Every structure is written in C-alpha cells, then in structure tokens.
Amino acid sequence: MHQLLKEIRHNPLLWLLVFVPVVFAAETLAPEAYTLLFVLSVLAIVPLAALLSHATESVAAKTGDSVGGLLNATLGNLTELVIALAALRAGQYMLVKASIAGAIVTNSLFVLGASFLLGGLKHHVQEYNRASARFQAALLFLAIVALLVPSAVGEADSPAAVAFTQKLSLGLAVLLIAAYGLGMLFSLKTHREFFGSAEHAEGGESGEAPWPLGLALATLAGVTVLVALVSEVFVESVQEAAVAFGMTPAFVGFIVVALVGGAAEMGSAFSGARKNRLDLSVGIALGSAAQIALFVAPVLVLLSYVMGPAPMNLQFWPGAVVTMMIATITASSVTNAGRSTWFVGVLVLMVYLIFAMTLYLLPPQVQ
Amino acid sequence: MHQLLKEIRHNPLLWLLVFVPVVFAAETLAPEAYTLLFVLSVLAIVPLAALLSHATESVAAKTGDSVGGLLNATLGNLTELVIALAALRAGQYMLVKASIAGAIVTNSLFVLGASFLLGGLKHHVQEYNRASARFQAALLFLAIVALLVPSAVGEADSPAAVAFTQKLSLGLAVLLIAAYGLGMLFSLKTHREFFGSAEHAEGGESGEAPWPLGLALATLAGVTVLVALVSEVFVESVQEAAVAFGMTPAFVGFIVVALVGGAAEMGSAFSGARKNRLDLSVGIALGSAAQIALFVAPVLVLLSYVMGPAPMNLQFWPGAVVTMMIATITASSVTNAGRSTWFVGVLVLMVYLIFAMTLYLLPPQVQ
Amino acid sequence: MHQLLKEIRHNPLLWLLVFVPVVFAAETLAPEAYTLLFVLSVLAIVPLAALLSHATESVAAKTGDSVGGLLNATLGNLTELVIALAALRAGQYMLVKASIAGAIVTNSLFVLGASFLLGGLKHHVQEYNRASARFQAALLFLAIVALLVPSAVGEADSPAAVAFTQKLSLGLAVLLIAAYGLGMLFSLKTHREFFGSAEHAEGGESGEAPWPLGLALATLAGVTVLVALVSEVFVESVQEAAVAFGMTPAFVGFIVVALVGGAAEMGSAFSGARKNRLDLSVGIALGSAAQIALFVAPVLVLLSYVMGPAPMNLQFWPGAVVTMMIATITASSVTNAGRSTWFVGVLVLMVYLIFAMTLYLLPPQVQ
C-alpha cells in the first residue's frame, strides 16, 4: 500500500485519480449533466487504466514467463473489455462494435505510426524484430477475414438471415479464440525463440520495478471494479456529450473511446520508441490490435448471451470493415521490412488521419 | 497390365476401383436412388483420379522434361476438367463455377494449410523454394483479377450487359490461356533454373516407379472415359443428395466436389510435407490452383460454345470472387517467406474453415 | 535557340512539331472537323511534351540536386496537368477524373510492365533499387486510400452527402499535398542516401546534354503556353472523335489521354530498360503515378475553386477506384523483389490488358 502511494506521488498521470471520487460525487449531484460527467469519467479512466496495466505486468513478472505471458495476453486490454461490457449491459451494441473497430484501427495505425514518427525524429533508422510483427499482423489478418464474412453476407433483414448471422458469429467467435490460444502456444511455448527481443521488451513495459504479488492482485481486483463503475457513467453520458461537442456518435465510438481506453499503453509505446526500443512499441501496437480482434471481441459475443439484453453478432457496417482491412494491410506492409524511419510514421498517421477526418465530417444521416 | 494389377494390389486406395462397376450397376437398377448414387460415384472417382494422376506422370517421365512438364501442366487436373465437362453438358453452369471456385480455394487454403500443419508437427521449421511459390501465386493473382472484372461490372440484366459479359469472358479466357502458355515457356524453358527444387519434386510425385509408355497411355485413355461416365452419375445425383444430407448446393459445389476431384493429389502433398519435401506440397497446392484458374476455367468457357447448351461466361457471384481473392492473398503472403511452421498451417486452415463454415450455415434463400 | 534547332534536327520525334501550327490552322478553317482536330492535336502534344520534359530536366540539372529534385517532382507531369486544366475550365470533370485515374493506371501497369518486358527480352535478370520503388509504391497506396474514402461513402445524392463529399475532398487534397511535400523532404533531404541509384538515373533521364538555363526557362514558358492552347482543341474534339472511332468516352479518358500525355516519358522509361538501367524505368513509372495521385489530382481540386465552373471533388466511380487499387497492389508486389524478368513484364501488362479490354468493350449504358 505504501508502495502504491509512493508510485502515485512520483507519476503525475496518477494524480488524475482524484477524479475517481469526483465522478461518483458528480453523478449523484447532477445525473443529467452529461457533458460534465463525460469529461470527468474520461479523466478518471485514464489513471485507472495505467494502474491496471502496471498491476497486470507485476503479476505477470512474478508468475514466470509462460503464465505471465498468458496473463499479459488475456488481461492486457482489460480496460477496453470492461468499458465494452458496460456498453454491452446497457444494450448499446453499436457503441461496443464502434469501440472494437476503433481500438483495432487506433492501435494498428495511430499507435504504430506515432511510435515510428517519434522514434524516427530522434533516430535516423530504427530496426525491430520482424518475426514478431509478422506474427501479430497474421493474427490480425485472420480476425479481419472473420469479421468481413458476416458483414458481407448478412445484409438482408429476413429472420433467416438474422439467425444465420447469429449462428455464424458464434462459430467465428469460438474459432477466433481457438486461433488466439494456439497463437499463444506457438509464441510462448513451441517457437518462443522467434520472439526474443519482443518478449524481453514486454517484461519491462513500464520501465518500473514490479509490485509485490499481494499488492498487485489487490490492485487488479479493486481497480477493475472502479473501472467498471466509472465506465457505467462514461457509457451513459457519451452519446449526449458527443452531440454537445458537435461530434458524430461514430467518431466518438471509433476515436475517443479507443484513445481513452488505450492511453496508458500508448505512453509506454511512445516512450519505448524514443528510447530506440521499437520492438516494445510495435509489440504494444500490433499486439493490442490482435488481442482486441481475436480475444476481446469474441469474448464479448459469448458474454452477450449471459449479460446482454440480446445476443450480439459480429456484423459490422461496411465502412468499418474496409477501414479495419486497410489498417491491417497498412500495418502489415510497413512492418514487413523490420526497419522504419520518420516518414514511415508520417504515412501510417496519414492513413489514420484520412479515416478520422472522414468520421469527423460524416453527417449522421449518411452513416 | 500385369504391372497395373500389381500396383492395385499394393495400393489400398485403388481397392476402391471395385465401386466403378458397382456405380454403373446401381444406376441401371435404381436410377432414382440419388443419395446412394452420389456416395458410390464419389467412392469410384477417388481411385480413378489416383490412376489418372499416376498415368499422366508416367507419360511425363518418359517424354523428357519439356514435353513432360507440358503434359503435367495440361493434364494435371484432368479429373476436375472431366467432372466440370459433365456438368457443362448438363447445363449446370452454377455447379461448374462453384467447382472452379471451390478447387481454387481448396487448393490454395486447405491443401496448403494442411501440408504446413502436417509437416510442421513433425519438423520444427521447414524451408522451400520461394521463387516457385511466388510464380504460382502471381499467376493466380492475375487470374483472380480477370475473374473479378466481369463479376464486378456485369451485374445489370439488360441484353447489352449480358452480351458485354459474354464478349469480355471470351476475351479473358483467351488472355488467361496465353498467360498460362507464356508461364510454361518461362518456367520450363527460359528461366527453368529458378524452379530447381520444385521440378525435381514433381518428377517423383507419386514416389513410385513410372509405368511403361504403352500401359500409361492406355490407362490415360481408358480411365478418362471411365471418369467421364462416373461423372455423369455424380452430376445427376449431387443436387438431390445435397438436400438429403442437409447441405446447401453452394457447400457441395465449393467444398465436396473440390475434395473429391483433388483427393489423389492431396495425398501426395501431405505425404511430401511429412517427408520434409515442402516444395512438392507447395507446388501441388498453388500449381493446381493456378492451373484451374488459368487453364481449366478458360478451356471450359471455350468448350461451352461447342458442348454446352449455351455459352458460359466468367461471371461469379460476389462472395465467390471475394473468397478467391482472400485465398490468393493469404497463400501469397504466407509463401512469401519461403519457410513455415505448424502455426502458419493453422492460420491458413482457419481462413478455410471460416469460408467452409459460412457456406455450411448459409440458408439457401440468402445465397 | 541554335541548340534547340539542332536538337529538333537530331530527334525525329520533334519533327512532329510541324503539327502545332497545323492544328491551329485546322481549328480556324474547320472548327467542326472533330476527328481531324483530335488526331492533329494528339500529334502536336506528343513532341511538345517531349520538349517540356527536356526543358524541366535542364533547369533541374542547373539548379543543384535539391531544387532540381523539387522541380522535377512538381513539373514532371506538367503536360498532364495542363491537359486536365483545359478539361477543368470546360467543366468536363468526368474527363478530368478519367485522365487522372488513367494516368495512374497507365504508369503503374503499362509503363512498368512494358519496361520489364522490353528489358527482360534483352537481359536475363535485371536488378534495381528496392528502397526507391517501395517509397513510391507507399505514396501511391496512401493516395489510393484517400481516393477510396469519398468514393465509398458519398454514394448518396442528398445535399448533405454532396456537401460532405466536397468538404472531405478539400481536406484530403490538403493532406495529400502535405504528404507529397514531406515525401520530398524525406527523399531529397533527410534520407537521400536510400535513393542513390534512382537519383543518378533521374539526372540523366533523357541521356542528352542539358540546355543552358536561359533557353530551358524560355522553352518551359513558351511550350507550356502551346500545350495549353493545343489541349483546348484536344478537349473540345475528344468526345466526338471517340464516338467516330467507336470508342467509349471512358476508354478515351482512361487509355488515350494517358498515353498521349505521357508519351515522352514512356520513351525514356523504355530506352532505360533496354540499357539495363531499370532504376530509371521504375522511377519514371511509379514516380509519375505517385506524382499524379498526390500532387496533380489535389492541385486540380484546389484550382477548381478558382478556375472551374464549380468545385471538383475526389469522388471516382467504383470501377475506377478498384482499378487503381489493383494497379497499386500489382506494382507494389512486383517491385518488392527488386529484380525482374520478361515474364514479370508479361504479367503486369496482362493486368493492364484486362482493364483496357473491359473499358473498350463496356457498352455506354452499363458504365
């Protein structure tokens, strides 16, 4: 506990934790002040996500490489999962899907591109482990093919088509989780020597000393509950706040939710790039994207049978599928070379900007 | 003849030849028992395809490298061609196209993925000739672009659109056959040194001694006639049998026909992978896919003017084009590295499973 | 001036300059003879484009590498820009877009493929600088993503959709010009060592001695005016001439305009390939395509606010977007290896032929 307080004192990001009680107070006093609640909940989620990320890594560091890798791989995007669960329980499937698609695109374009740019402005040419990048990009490609199919086939609205899309989504969810599990077996067990540098990087992601196991587990449990509670406020206020800010719901789901949920990891990715440890940055960017596509999204489909008002399917609107596909192709092409310069970062960021600009300008009725 | 009998005794697959007379007897006695006729004709085609494959290779081995390569390249998918011709004569163009698309997808995903998986379970990392894989993948890419165009443009039903699609298909068929011919000139003549290991592999595909020329030619002629006769039964019974088995016609055309027609080759590809001769497996998988796309499909268009009730075009339904395109991109990406592990096989098989599952679940009215 | 006359005497292509006065005379005498005016204006533009190209390179050679590179990069496709401006002023936005798409496809497929084929028929295997080809292909990919978005989203015809497409096109135009500018900073300044061989090639593009600065600047100014004047005749006559020749307007815009505007550069690319200087050919092919996509097209959007009857957007019809995307993927895949043979050229030309054949056969009402 003492160590937790010490860390809070040294890490200015964690001072934002003061907004956690503030958001609960505000919700009780002014439950209709959506814009205020939205801003406060964003400010509260960011430091909680950072704590969650550090706690996960600390548990992982204590439990040895294989179990630790497994933990990092399943809990690495816990914040995104908890936010999506809050939206799922509220029946806001559109927001769930927008935040899944947004997290995939934001990680594989914005985080990757900004890492390349920030690293490239300091270092002339940077090298990193191609095998690891190719592995994550291949997983991501499989997931996008899986998401493409129900979206391409199930446009009809007949009861038969709806039932087909639901059965297909369930099958695809099981298949994606199986692929993710086999991928962990491959990268953590049978062929772990391929992933040398990337694994070393993951271990020291935060660059700080790991916490004792008890503290880490307690933090993991406690903070998850807090994130869940704040996410409820966030999900309730996000739609009205978006209108107040003049943003379309698609833009909020796609861009804002993804940036809020991934803020802590982005910090690690960018500081890794500046320190010329690009393996770490590429691992976070593509690893998070793959994890959300192959683990978080299918788990949400399965959980929707238990927790949601109705089962959720994997049918995305065509623009989202095309965007995810182009993001995957872009990330896969630029990481294929195993080296980068600042201009590669510019190119990847430009692709992200094209999508962000389109979503920002999109009139609600065209969507 | 003695040698043929000896081979039949030693190869359990060929014991299935007993079903050839059985299927003819059954057709005379019970011409309406479609499910039975379907099962019997499948059981009869598999050993005939194996014999055809061995006979083609024996003729190829006796006639020297260039003529032999030519023969393998034109007769290598004779079974698929003969089955498709039976469907063509019956005017079942939907089945012809489904079996073309299915053979391309099955070879470039299922055969390739299963070879990688079976080989990778025995060997830690396997290497193969990249140049050969790239060549076949490039041919396949050209063919898919050619199939994409009439499918994308010719959706309208006006007489002008129909005439345009037909003219375009004829032009594309000529162009694809020309590309295939130039590709043989390149790989067998002007730049044959690039294809070293793959060619060696093709020579010993069956791992058995070649037959004398006379026996091989007689088998080639006789078995082709038998395949043609059994295919008639197969084509007549396949639709009703599909309904009886609860399968959609798309699933049957796409998956079942492709597996039946290619069973013999698949055996060679898988045993090659187990023996760490992955050049052989990749050559069979991508070579067959390219051959069907650039030779069998265009030849069927040309023959439809002579043998079919009406000319056939190259217009596929959008789902088939997208599936073939994703199969080509997948095969081309994974073979680009020139080495593979078991997990690459899993990924490729998963892409195949996604398509197979979709087709299996697809309700007939959504198709 | 003496040097200019000397060059004209030695270069048979420049003898076509005699058609410049002829086209003006014909327009005065027979302003309705569209087919004649079309043929004459084509014959007059080809030598003017060659002069323009040589003058630009001469100014570039005199002004040092950085300014020279900048000049080549902005004025390298001056002919295409001037022709498109004539069409823009006449309000023929369809022709402008068809010529943009056509120039991208012609350069990245026809010029690239024909260079590989012509070079490969003389040399067994040819090598070139991969880094430069990858850079141009990446720029091209970014531009195609930018063109894909308004075409995919803005299909609706409502006023809101039209306003959205216009705002988006303006934003994308600014973004593409910024990417192009940063690309020049990268290739001419911060990482110029990557582009060694390609830059050397560009310097000696025409293989002839550069002109003195005064002559070059005067030629640049005078010939630009002549091209502008002849382009007016060309744009006015092209539609009626197309009908007379039995060609669709799409075929003319896509194929004929691109071949006319780029004739001079094609000559350099092909002669470079024959001399085993494939860096030069690939640089011209992909460089021109990237320049038209990232500089000429956005500049035309910006100029349409000043010079056109109405603002132009970047919305292309779906077939054009798919064609440009396949052209980019094809060019990017084949140049990825850094070496080529005659058959690579055949494959790339076949992709071009598929599109040219489709456009030629396309009935006007299906378009």
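The values are calculated or read from the model by the stated rules, or taken from the named source; none is laboratory data. Treat the numbers as computed from the prediction; the structure is a model and nothing was measured. A quick note on method: Cβ atoms are made from the backbone with ideal geometry, for glycine too, and the neighbour counts reach across all protein chains shown.
Table for the structure above
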| read-out | value |
| --- | --- |
| Scan of region C:1-36 for residues that are among the polar types (S, T, N, Q) and under 18 Å from C:Ala50 (Cα atoms), ordered by number | C:Gln3, C:Asn11 |
| Options C:Phe164, C:Phe251: the member that is touching a helix residue (DSSP H, G or I) at 6+ places or on another chain (Cβ under 9 Å), at pLDDT below 85 and within 14 Å of another protein chain (Cβ to nearest Cβ) | C:Phe251 |
| Elements of type helices (runs of 4 or more DSSP H) in region C:238-299, at least 3 residues being touching a residue at least 24 places away in the same chain (Cβ under 8 Å) and of a type in the set (Val, Ile, Thr) | none |
| Odd one out for A:Gly91, checked against (1) assigned to a helix (DSSP H, G or I); (2) in contact (Cβ under 8 Å) with a residue 60 or more places away in the chain | (1) |
| Conditions (1) modelled with pLDDT under 90; (2) under 17 Å from C:Leu314 (Cβ atoms): number failed by C:Ala101 | (1) |
| Test: residue in region A:307-316 that is over 20 Å from A:Ala114 (Cα atoms), away from chain C (no Cβ under 14 Å) and either in a helix (DSSP H, G or I) or touching an Asp or Glu at 6+ places or on another chain (Cβ under 7 Å) (or both) | yes |
| Condition met for B:Tyr180 (away from chain C (no Cβ under 14 Å), on the phi < 0 side of the Ramachandran plot, of a type outside the set (Lys, Arg) and touching a residue at least 12 places away in the same chain (Cβ under 8 Å)) | no |
| Count of residues meeting criterion [more than 8 Å from chain A (Cβ to nearest Cβ) and over 12 Å from B:Ser115 (Cβ atoms)] in region B:338-367 | 8 |
| Set A:Phe245, A:Phe195: member being modelled with pLDDT under 80, over 18 Å from the mean Cα position of the chain (by Cα) and of a type in the set (Phe, Trp, Tyr) | A:Phe195 |
| Residues (touching a Phe, Trp or Tyr at 6+ places or on another chain (Cβ under 6 Å) and within 17 Å of B:Gly91 (Cα to Cα)) located in region B:239-278 | B:Glu240 |
| Residue count for region B:117-150, restricted to those that are surrounded by fewer than 20 Cβ atoms within 10 Å (Cβ to Cβ), more than 10 Å from every other protein chain (Cβ to nearest Cβ) and small (Gly, Ala, Ser) | 0 |
| Within region C:321-349, tally of residues that are part of a helix (DSSP H, G or I), surrounded by fewer than 22 Cβ atoms within 10 Å (Cβ to Cβ) and not β-branched (Val, Ile, Thr) | 4 |
| Any pair with Cβ under 7 angstrom, 6 or more apart, that starts in region B:325-347 at a residue that is touching a residue at least 40 places away in the same chain (Cβ under 8 Å) and ends at one that is among the polar types (S, T, N, Q) and in a helix (DSSP H, G or I) | B:Ala327/B:Ser108; B:Thr328/B:Ser108; B:Ala331/B:Ser108 |
| Residue within region C:22-42 that is surrounded by fewer than 21 Cβ atoms within 10 Å (Cβ to Cβ) and within 19 Å of C:Thr219 (Cα to Cα) present | no |
| C:Ala356 part of a helix (DSSP H, G or I) and under 27 Å from C:Phe164 (Cα atoms) | no |
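One line per residue, one yes/no per condition, for (1) touching a Gly at 6+ places or on another chain (Cβ under 8 Å); (2) closer than 26 Å to C:Gly261 by Cβ:
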| residue | (1), (2) |
| --- | --- |
| C:Val67 | no, yes |
| C:Gly76 | yes, yes |
| C:Gly91 | yes, yes |
| C:Leu118 | yes, yes |
| C:Leu140 | no, yes |
| C:Ala143 | no, yes |
| C:Ala152 | yes, no |
